Amino acid sequence: MAETIAPFDKSAASDPSSPPSPRAAPHTPAMRQYVEQKARVGDAILLFRMGDFYETFYEDAELCARVLGIALTARSKGSHPIPLAGIPFHALDGYLKKLVDAGYKVAISEQLEDPKLAKGVVKRDVVRIVTAGTLTDASLLDDGDDNLLASIVIDSDHAGLALVELVSGLFEVVDLAPGSLLDELVRAKPAEVLIEDRRSGPGESTAGALEQLCATTVTRRPAHEYTAYQAEQTLLAHFKVATLAGFGFDAMTPALCAAGALIGYLNETQKTSLAHLGSLTRRGGDDFLLIDHSTWRSLEIEQTLRAGSREGTLLWAIDRTVHPIGRRRLRTWLRRPLIDRPRIIARQDAVSYFLENAPARDGMRTHLRGMADMERIAGRVALRRSGPRDLRALGDAITALPDMVGLLRASRIGILDELAARLEGLDALGELLQRAVAPEAPAHTRDGGYIADGFDARLDELRGLKSNALTWLSAYQIREIERTGIANLKVGYNRVFGYYLEVPHASRSKVPPDFVRRQTLKNAERYITEELKRHETEVLSAEDKAKNLEATLLEGVLDKAVERVPDLLAAADALGRVDCLAGFAQLAAERRYTRPTFVDEISLLIEEGRHPVLDQTLQDAFVPNDTIMAPDRERLFVITGPNMAGKSTYIRQVALLAIMAQVGCFVPARRMSLSVVDRAYARIGASDEITRGQSTFMVEMIEAARILHGATDHSLVVLDEIGRGTSTFDGLSLAWAIAEHLASKIQCRCLVATHYHEMTELAELFREVRNLNVAVREVAHEESQEERIVFLHRIAEGAADKSYGIHVARLAGLPQPVIARSREVLRELEHSFARDAKSRSLAKNKSRNDAQLSLFAPADDALLQALRAVDPDAIAPIAALRLLADWKDRFAS
Ligand code: ADP
């Protein structure tokens with residue numbers, strides 16, 4: 001290697017924020033270049049291309065050696081060694097992935113000219129900075145998962161979120177309430193989030209929570225990038241417009257500030273055209289069924305609570321897509337179930353069609369299976385990072401589209417027709433790509449050979465010269481053997497000396513004078529001749545010319561593809577949607593799912609519903625259950641029953657089926673009808689929130705507060721064992737009051753699973769409340785005649801048996817005296833509890849404090865209060881009559 005690294009004062013480089021000063025030591029030009037670039041890339045690791053290696057120096061070298069497990073060496077001339085660690089250029093992808101996965105940013109400095117031709121130091125520059133949220137290389141991305149970069153703005157009154165997926169061109173903003181920002185973020189699960197560098201405040205805490213929940217990388221950006229002025233300037237320059245009004249924005253909003261900062265970051269790190277981020281979608285905070293982040297987690301929609309795995313989640317259960325684009329789209333759909341009935345019905349129509357037309361479904365899926373990831377390739381095309389293999393795959397994919405269009409058009413289903421339209425019009429590009437790029441093209445342009453034969457006459461000619469040259473060489477060898485009489489003379493080639501004639505030492509005496517000696521080996525001597533030299537120049541120049549020509553031709557083809565990026569992305573999106581819809585049909589066919597119907601009146605009717613995950617894992621052992629919330633009947637169900645009876649499963653099942661229905665998916669039920677749900681809330685069990693520094697009970701109450709503030713009469717709420725994390729009376733009181741509020745004030749559809757048997761009394765006080773229990777049966781063992789309990793998992797009307805715990809304990813073999821004593825204690829507790837309630841109620845009433853009531857009286861039912869305050873044994877008949885008249889006046893007239 002021509003360039004050398006000079007000794008350098010390491011102490012000057014120990015702080016990454018103050019890179020080594022160029023004055024610290026006499027540098028070689030290459031090292032000066034390194035130092036200057038390292039100072040520019042901030043906290044990124046700098047990979048500095050030198051020949052066949054990407055080199056790292058100083059702290060970066062030590063870090064890379066540690067994280068990547070590569071050798072740490074030292075470049076030294078004199079007493080100051082420079083730590084150095086290098087990675088071979090062809091192994092970049094693997095190492096890059098490791099660094100990014102470990103949360104580092106990596107700047108890549110490339111050689112911008114051929115080192116052989118460079119005069120002085122080779123020109124180099126940072127060509128991009130790779131970060132977790134800006135990955136585009138196929139080898140660094142997970143096929144089935146999106147890779148989002150988020151930017152957020154949040155204060156006490158407002159919040160804004162901008163999301164970009166660099167490789168698919170998605171760019172959207174949403175302004176929302178501060179309380180909803182984390183919900184949006186958790187559902188989106190970005191790989192990286194940008195926040196204003198303030199070191200404290202709501203931005204920091206939101207990002208911190210996200211880092212914990214989704215392992216998101218947090219990147220702090222200069223505060224000025226988030227100012228309305230700067231952000232607007234960045235966006236105007238990016239979209240090349242004078243105003244953002246055309247995107248539907250009349251004024252800067254927090255989300256636009258976030259978007260501006262995000263584009264600023266991309267400009268800084270990507271150093272390439274971002275033209276494919278050409279449109280900005282503005283979403284409303286409540287255009288979709290809202291699922292807050294704890295509901296998202298509790299319902300295990302894409303990750304299980306315990307193992308954090310995909311297996312066992314709703315996404316896992318319903319995913320029958322066959323293509324990565326579809327797989328990613330399905331996740332987006334689940335993040336945002338629809339609330340617009342016509343849109344849901346449009347999706348359902350397509351699913352029905354594919355369900356009833358198995359050949360169309362199979363045909364579509366077969367086409368999709370063989371297709372390249374058009375969306376990601378289109379994204380790389382836009383960034384001009386697509387290699388020959390990408391382009392050929394794109395060409396092949398495009399040529400498969402017309403058949404798919406035919407299948408979709410034949411359906412005569414509105415939404416499929418619209419999707420078909422998006423797949424049309426790309427034929428010319430597909431044909432060009434197939435004609436231009438060789439079928440087995442390499443991923444990179446490095447070694448040439450990717451442009452197809454027959455595409456360009458000049459290239460074919462140059463390639464002809466090369467193959468002719470090979471024929472010439474063997475003819476030349478024969479000719480020289482005849483001329484010199486050296487029978488074992490060979491023609492060969494090596495990179496250092498070029499073409500040569502090799503003569504074993506034994507035949508040295510026969511070597512003619514025109515052979516010029518080049519190299520001596522152990523057994524042979526190598527020579528060149530004038531003629532061979534001439535030939536070599538011809539061949540090498542033809543090879544060079546061919547390589548350059550190939551590069552130019554590929555650029556031309558790429559230009560054509562770049563022009564069509566928006567259409568390619570639209571087509572890819574359509575493919576993803578078709579894959580989801582056909583996948584839903586496949587699922588419905590496999591597992592006998594049915595099409596839910598939507599009605600106006602608030603209701604939720606499920607006949608023989610099954611839990612989508614357990615239905616698959618337990619197969620036939622799963623017991624289906626009904627859920628009947630008819631209009632104008634009970635909307636709040638209190639479900640009691642012993643542990644492990646199936647309460648949680650039942651209430652989760654209802655929420656999951658509603659979400660599935662609004663995604664457009666069919667459902668595991670004999671029949672389902674519902675009115676559209678606007679928000680779904682699930683508070684299930686106590687998950688490990690302790691790790692976030694809050695007690696479980698505190699978290700439970702925060703979530704209960706969110707539900708009570710956020711739920712509307714169109715919402716669906718499922719609560720599992722609320723009020724468990726505190727003393728019994730506290731917990732019961734809270735659970736009672738929360739359920740009461742939901743039933744009588746909010747009047748949403750609600751299922752409450754509880755071990756507080758007292759809650760079943762709600763049904764006596766509120767017509768909106770109904771009791772259900774999970775049936776169990778005692779059976780006697782055939783031989784031993786011992787009784788045991790069998791969980792039937794069947795939901796039945798009414799409250800569960802009150803002393804169920806004791807009952808179960810008896811069956812479990814607790815000694816008889818203990819069982820008998822526990823029954824006594826229970827009776828005593830119940831009596832004293834009832835007495836207490838009564839006296840509390842009387843005392844309160846005497847003090848004429850109408851607002852405070854006994855525990856189980858509804859807060860606003862004054863008549864019931866008054867009634868509870870009366871002691872019939874103690875009241876005189878005349879007083880009773882007067883009281884009756886008074887009540888009639890107050891309540892019945
Ligand atoms: P609970 O909330 O009452 O303690 P779970 O809902 O957690 O009970 O259910 C306990 C177990 O019972 C589940 O893990 C599942 O294996 C089984 N189960 C629940 N519901 C059903 C059902 N409908 N059919 C078959 N098995 C069920």
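Figure legend. Inter-residue proximity from region 282-311: first residues without any contact (Cβ under 8 Å) to a residue 60 or more places away in the chain and within 17 Å of residue 715 (Cα to Cα), second residues among the hydrophobic types (A, V, I, L, M, F, W, C) and part of a loop (DSSP other than H, G, I, E, B), beta-carbon distance below 7 Å, spacing 6+ or different chains. Indicated pairs: 288/339.
Among the residues of region 866-880, those identified as exposed (fewer than 13 other Cβ atoms within 10 Å of the Cβ) and assigned to a helix (DSSP H, G or I) are 867, 877, 878, 879, 880. Does residue 187 satisfy the condition of being of a type in the set (D, E, K, R) and under 27 Å from residue 572 (Cα atoms)? The answer is yes for residue 187. Within region 454-474, the set of residues being of a type in the set (Phe, Trp, Tyr) and not in a helix (DSSP H, G or I) comprises just one member, 455. May I ask you to verify whether residue 661 is in contact with a Phe, Trp or Tyr (Cβ under 6 Å, 6 or more places away or on another chain) and more than 16 Å from the ligand (Cβ to nearest atom)? Here the answer is no, as residue 661 does not meet what is asked.
Within the set of pairs 6 or more residues apart or between chains, which connect a residue that is free of Cβ contacts under 8 Å to residues at least 60 places away in the same chain inside region 448-461 to a residue that is in a loop (DSSP other than H, G, I, E, B) and hydrophobic (A, V, I, L, M, F, W, C) with Cβ atoms less than 8 Å apart? If the second residue must be in a loop (DSSP other than H, G, I, E, B) and hydrophobic (A, V, I, L, M, F, W, C), the pairs left are 452/438; 453/438.
Among the residues of region 91-119, the one identified as free of Cβ contacts under 8 Å to residues at least 12 places away in the same chain and touching a Lys or Arg at 6+ places or on another chain (Cβ under 9 Å) is 113. Selection of region 595-615 for residues being farther than 17 Å from residue 718 by Cα, within 12 Å of the ligand (Cβ to nearest atom) and not in a loop (DSSP other than H, G, I, E, B) yields 608, 614, 615. Among the residues of region 55-71, the one identified as of a type outside the set (A, V, I, L, M) and farther than 20 Å from residue 81 by Cβ is 69. The requirement of being at pLDDT 90 or above, outside any helix (DSSP H, G or I), among the charged types (D, E, K, R) and surrounded by fewer than 17 Cβ atoms within 10 Å (Cβ to Cβ) is not satisfied by residue 268. Among the residues making up region 619-640, those that are assigned to a strand (DSSP E or B) and near the ligand (Cβ under 10 Å from one of its atoms) are 625, 639, 640.
Residue pairs whose Cβ atoms lie under 8 Å apart, sitting 6 or more positions apart in sequence or on different chains, and linking a residue in region 512-534 that is farther than 16 Å from residue 493 by Cβ to a partner that is at pLDDT below 90 and not in a strand (DSSP E or B), are 525/508.
Residue 760 falls short on exactly one of the conditions (1) on the phi > 0 side of the Ramachandran plot; (2) at pLDDT 75 or above, and that condition is (1).
Every residue, every condition in (1) under 30 Å from residue 567 (Cβ atoms); (2) in contact with an Asp or Glu (Cβ under 8 Å, 6 or more places away or on another chain); (3) among the small types (Gly, Ala, Ser); (4) surrounded by fewer than 24 Cβ atoms within 10 Å (Cβ to Cβ), yes or no:
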{"site": "180", "(1), (2), (3), (4)": "no, yes, yes, yes"}
{"site": "183", "(1), (2), (3), (4)": "no, yes, no, yes"}
{"site": "190", "(1), (2), (3), (4)": "yes, no, no, no"}
{"site": "197", "(1), (2), (3), (4)": "no, no, no, yes"}
{"site": "202", "(1), (2), (3), (4)": "no, yes, no, yes"}
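When region 222-241 is filtered for residues that are of a type in the set (D, E, K, R) and over 13 Å from residue 153 (Cβ atoms), the ones remaining, listed by number, are 232, 240.
When region 664-685 is filtered for residues that are within 13 Å of the ligand (Cβ to nearest atom), surrounded by fewer than 24 Cβ atoms within 10 Å (Cβ to Cβ) and farther than 23 Å from residue 747 by Cβ, only 685 remains. For region 39-59, residues that are without any contact (Cβ under 8 Å) to a residue 40 or more places away in the chain and in contact with a strand residue (DSSP E or B) (Cβ under 7 Å, 6 or more places away or on another chain) total 4. In this entry, residue 650 is excluded by the filter for residues that are buried (at least 23 other Cβ atoms within 10 Å of the Cβ), among the hydroxyl-bearing types (Ser, Thr, Tyr), more than 9 Å from the ligand (Cβ to nearest atom) and at pLDDT 95 or above. Scanning region 316-353 for residues that are of a type in the set (Val, Ile, Thr) and not in a helix (DSSP H, G or I) gives 321, 322, 339. Taken over region 497-554, residues that are among the small types (Gly, Ala, Ser), under 20 Å from residue 480 (Cα atoms) and surrounded by 13 or more Cβ atoms within 10 Å (Cβ to Cβ) amount to 3.
Specify which of the listed residues (335, 327, 320) is closer than 26 Å to residue 206 by Cα and either modelled with pLDDT under 90 or within 20 Å of the chain's Cα centre (by Cα) (or both).
335
Remark: pairs (first residue in region 632-658, under 17 Å from residue 312 (Cβ atoms); second residue part of a helix (DSSP H, G or I) and within 8 Å of the ligand (Cβ to nearest atom); Cβ separation under 9 Å; 6+ apart in sequence or on different chains) = 649/614; 653/614. For region 745-759, the set of residues classified as more than 16 Å from the ligand (Cβ to nearest atom) and closer than 20 Å to residue 605 by Cβ consists of 747, 748, 749, 750, listed by residue number. Take the conditions closer than 24 Å to residue 116 by Cβ, modelled with pLDDT under 90 and either loosely packed, with under 13 Cβ neighbours inside 10 Å or of a type outside the set (Ser, Thr, Tyr) (or both) and apply them to residue 3. Does it pass? Here the answer is yes, as residue 3 does meet what is asked.
Residue 551 satisfies every condition listed in (1) of a type in the set (A, V, I, L, M, F, W, C); (2) in a helix (DSSP H, G or I); (3) within 16 Å of the ligand (Cβ to nearest atom) except (3). Under the condition of being at pLDDT 80 or above and away from the ligand (no atom under 16 Å from the Cβ), which residue from region 715-730 is farthest from residue 647 (Cα to Cα)? Only one residue tops the list, namely 730.
Which is of a type in the set (Asp, Glu), in contact with a helix residue (DSSP H, G or I) (Cβ under 6 Å, 6 or more places away or on another chain) and assigned to a helix (DSSP H, G or I), of 559, 567, 579, 573?
579
Close contacts from region 355-375, counting a first residue that is touching a residue at least 12 places away in the same chain (Cβ under 8 Å) and closer than 14 Å to residue 405 by Cβ and a second that is among the hydroxyl-bearing types (Ser, Thr, Tyr) and outside any helix (DSSP H, G or I), with Cβ to Cβ under 9 Å and a gap of 6+ residues or different chains, come to 368/321.
The values are calculated or read from the model by the stated rules, or taken from the named source; none is laboratory data. What you are looking at is a predicted structure, and each value in this text was computed from that prediction instead of being measured. As a convention, Cβ positions derive from the backbone with ideal geometry for all residues, glycine included, and neighbour counts pool all protein chains shown.
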